[in-house]
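Undergrad: Okay, here's the structure, questions in a sec.
The values are calculated or read from the model by the stated rules, or taken from the named source; none is laboratory data. Fair warning: this is a prediction, and the values are worked out from it, not measured in the lab. FYI the Cβ positions are ideal-geometry reconstructions off the backbone, even for glycines, and counts take in every protein chain you see.
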Amino acid sequence: MTKSIPSSRRVFVCGATGYVGGRLIRRLLERDYSVNCLVRSPEKLTKFAWSRDARVTIVPGELEDATAIGRALKDVDIAFYLVHSMKSAKGQYAKRDRELATSFREAVEQSSCQRIVYLGGLGELGPDLSEHLDSRHEVAEILQAGPVPATVFRAAMIIGSGSASFETLRYLVERLPIMVTPKWVNTETQPIAIRDVLRYLVECIEVHETAGRTIDIGGPDVMSYQSVMQVMAEKLKLRRRIIFPVPVLTPRLSSLWIGLVTPVSSSIARPLAEGLKNRTVCRNDDAVHLMPGECLGIEEAIEAALGRTQSGDIETRWSTAGKIPGDPDWAGGTTFVDRREIISHGSAEQTFAEIRSIGGAKGYWGAGYLWRIRGWMDQAVGGPGLRRGRRHPRDLHYGEPVDFWRVTKLVENEKLTLRAEMKLPGVAELEFQLEEESHDRTKIVMTARFRPRGLLGLAYWYAVLPLHGLVFPVMLKGIARNVQANRPLDDAAKVSAMTKPLA
């Protein structure tokens, strides 16, 4: 094994806002690398402390833009390609992946970059390979077809807090003591902890022999998905799940079922479900020989991920990746507006801290049954419902999902805008605007906007308008109440409390 340290120690991470990319950059900085990122929405990186590191260069742009990729590749030696589609128009994610990989490879060939590193998927090769895994293999072949050596890692299920496969597994086990499942639950897999994936990605760029290779990575345990579910049940301190595999559940039915029970939408669940029919076990042991180190077993990996989930310390999450729709142009067309306000007896900072805790386990300051009903209705028509929750109970950043909302604007202590991602006959958003009148008095202006599509959109607005009259006042009063309750005593109040005679 020969160590080969890149001369400039500058790398390019394509996919910095994704689940793996968002975690990889911190590890690269810890190894004293400088990092370039190509990001469609730079605001999505504000939640990461590393985004303010002087060694990080953020290049705004789209992956489809060859000029932007060229800027991001300037003076780099290594390029990480951590991008793949899970859904697209008419399900043609394979075509999109093929086009993006080709343009990326061509841009690398025109740069100073000396190596590509790609994270793909395990899966037995052949005609029965799922479209999703076949697309991952095709991307690997495209990247390795050029003159720049490409290291391709292939992994099965990644176990880590916030990953799509881990959250799917956890919710299925938590919510279903008895499961009628597709026969794929008997398929063998070799899961790997996210910690070990990141170690391999970082170490490979300093090991010369990894260049140009396809390297399978996995943990020490090979078992069926059914066995993985039972390990999850044990670590959640639940009884063994009763599982009935049947041959009649198609990937489409399986994805609808996963979409109903877990936070993962059916459109994303389908390629995942299709891939589960393929045995995903390492076919070579190059990783062990070239980058030796102990990997976590399935029990340790699940314990670590659950610990992070329960503490709210989730570094990245699958639902944050991807394109964020811009704010709609509210000036065009008919737009309905519901505007309400209330005075909060606290500073703007105290009030905003309460507002940014919206959703998730905390809810919406009351009328919880109405929100749950709305979530179930959305789930029934294929929307996310309330299943996605939020990454952290208090911390919130641009681009993150909150139940069936998405943060599209966040100005600290001033404004929070949530765009609805529920299934609607129109475009909707909910906005909180703060106006501080004094150190202990802040006006909260809450505005709901809806731009309908067609007659169905008009009917929807007038149908929900009476519910706004029930829910919105409760929300505002709950915010003001909690701010008042949590506000530190001022000096006068402290003196009063200290001199109050005892009963």
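Undergrad: Looking only at the stretch 442-468, how many residues end up being in contact with a strand residue (DSSP E or B) (Cβ under 6 Å, 6 or more places away or on another chain) and either modelled with pLDDT of 90 or more or not assigned by TED's automatic domain parsing to the domain that holds residue 352 (or both)? Please lay out each step first, then the result.
TA: Keep residues of the stretch 442-468 that are in contact with a strand residue (DSSP E or B) (Cβ under 6 Å, 6 or more places away or on another chain), which gives 442-453, 457-458, 461, 468.
Narrowing further to those that are either modelled with pLDDT of 90 or more or not assigned by TED's automatic domain parsing to the domain that holds residue 352 (or both): 442-450, 461, 468.
Qualifying residue count for the region: 11.
Undergrad: Return the total of residues in the stretch 23-51 being surrounded by 16 or more Cβ atoms within 10 Å (Cβ to Cβ), modelled with pLDDT of 90 or more and out of contact with any helix residue (DSSP H, G or I) (no Cβ under 8 Å at 6 or more places or on another chain).
TA: Final tally of qualifying residues: 2.
Undergrad: I'd like the residue in the stretch 469-495 that is at pLDDT below 85 and assigned to a helix (DSSP H, G or I) and, out of all such residues, is farthest from residue 378 (Cα to Cα).
TA: Here the answer is 495.
Undergrad: Counting only residues that are in contact with a Leu (Cβ under 8 Å, 6 or more places away or on another chain) and not in a helix (DSSP H, G or I), how many does the stretch 221-245 have?
TA: Looking only at that region, the number is 2.
Undergrad: So, of the residues in the stretch 433-450 that are among the acidic types (Asp, Glu) and out of contact with any Gly (no Cβ under 9 Å at 6 or more places or on another chain), which turns out to be surrounded by the fewest Cβ atoms within 10 Å (Cβ to Cβ)?
TA: 437
Undergrad: Take residue 394 and tell me if it is among the basic types (Lys, Arg), crowded, with 18+ Cβ neighbours inside 10 Å and either in contact with a Leu (Cβ under 9 Å, 6 or more places away or on another chain) or in a loop (DSSP other than H, G, I, E, B) (or both).
TA: So residue 394 fails the test.
Undergrad: Continuing with the same structure: Being part of a strand (DSSP E or B) and over 17 Å from residue 240 (Cβ atoms) is the filter here; which residues of the stretch 165-190 pass it? Show your work before the answer.
TA: Let us first name the residues in the stretch 165-190 that are part of a strand (DSSP E or B), namely 178-182, 188-189.
Passing the criteria: 182, 188, 189.
Undergrad: Just need a number here: residues in the stretch 43-59 that are among the small types (Gly, Ala, Ser) and not in a loop (DSSP other than H, G, I, E, B).
TA: Result for the stretch 43-59: 2.
Undergrad: Of all residues in the stretch 369-398, which are modelled with pLDDT of 90 or more and small (Gly, Ala, Ser)?
TA: 375
Undergrad: Kindly indicate whether residue 101 is buried (at least 17 other Cβ atoms within 10 Å of the Cβ), among the hydrophobic types (A, V, I, L, M, F, W, C), at pLDDT below 85 and in a helix (DSSP H, G or I).
TA: Values: buried (at least 17 other Cβ atoms within 10 Å of the Cβ): yes; among the hydrophobic types (A, V, I, L, M, F, W, C): yes; at pLDDT below 85: no; in a helix (DSSP H, G or I): yes.
Criteria not met by residue 101.
Undergrad: Also: Considering every residue within the stretch 191-210, establish whether at least one is crowded, with 18+ Cβ neighbours inside 10 Å, assigned to a loop (DSSP other than H, G, I, E, B), touching a helix residue (DSSP H, G or I) at 6+ places or on another chain (Cβ under 6 Å) and touching a residue at least 60 places away in the same chain (Cβ under 8 Å).
TA: There is at least one residue in the stretch 191-210 that is crowded, with 18+ Cβ neighbours inside 10 Å, assigned to a loop (DSSP other than H, G, I, E, B), touching a helix residue (DSSP H, G or I) at 6+ places or on another chain (Cβ under 6 Å) and touching a residue at least 60 places away in the same chain (Cβ under 8 Å).
Undergrad: Could you give every pair whose Cβ atoms fall below 9 Å, whose first residue belongs to the stretch 28-53 and is more than 18 Å from residue 79 (Cα to Cα), and whose second residue is of a type in the set (S, T, N, Q) and part of a helix (DSSP H, G or I), counting only separations of at least 6 or pairs across chains?
TA: The qualifying pairs are 42/51; 44/320; 45/51; 47/320.
Undergrad: If residue 450 passes every condition in (1) under 24 Å from residue 394 (Cβ atoms); (2) in a strand (DSSP E or B) but one, which one does it miss?
TA: Just one mismatch for residue 450, condition (1).
Undergrad: Tally the residues that are surrounded by 21 or more Cβ atoms within 10 Å (Cβ to Cβ) and closer than 25 Å to residue 346 by Cβ, restricting the search to the stretch 411-429.
TA: Going through the stretch 411-429 one residue at a time, the tally reaches 2.
Undergrad: Report, ordered by the first and then the second residue, all pairs with beta carbons closer than 6 Å, sequence separation of six or more or different chains, a first member in the stretch 345-374 that is under 15 Å from residue 387 (Cβ atoms), and a second member that is assigned to a loop (DSSP other than H, G, I, E, B) and charged (D, E, K, R).
TA: Pairs that qualify, where the first residue is under 15 Å from residue 387 (Cβ atoms) and the partner is assigned to a loop (DSSP other than H, G, I, E, B) and charged (D, E, K, R), are 359/390; 359/403; 360/390.
Undergrad: Separate question: Please work out if residue 228 is at pLDDT 70 or above and within 30 Å of residue 211 (Cα to Cα). Show your work before the answer.
TA: Values: at pLDDT 70 or above: yes; within 30 Å of residue 211 (Cα to Cα): no.
No; evaluated as a whole, the condition is false for this residue.
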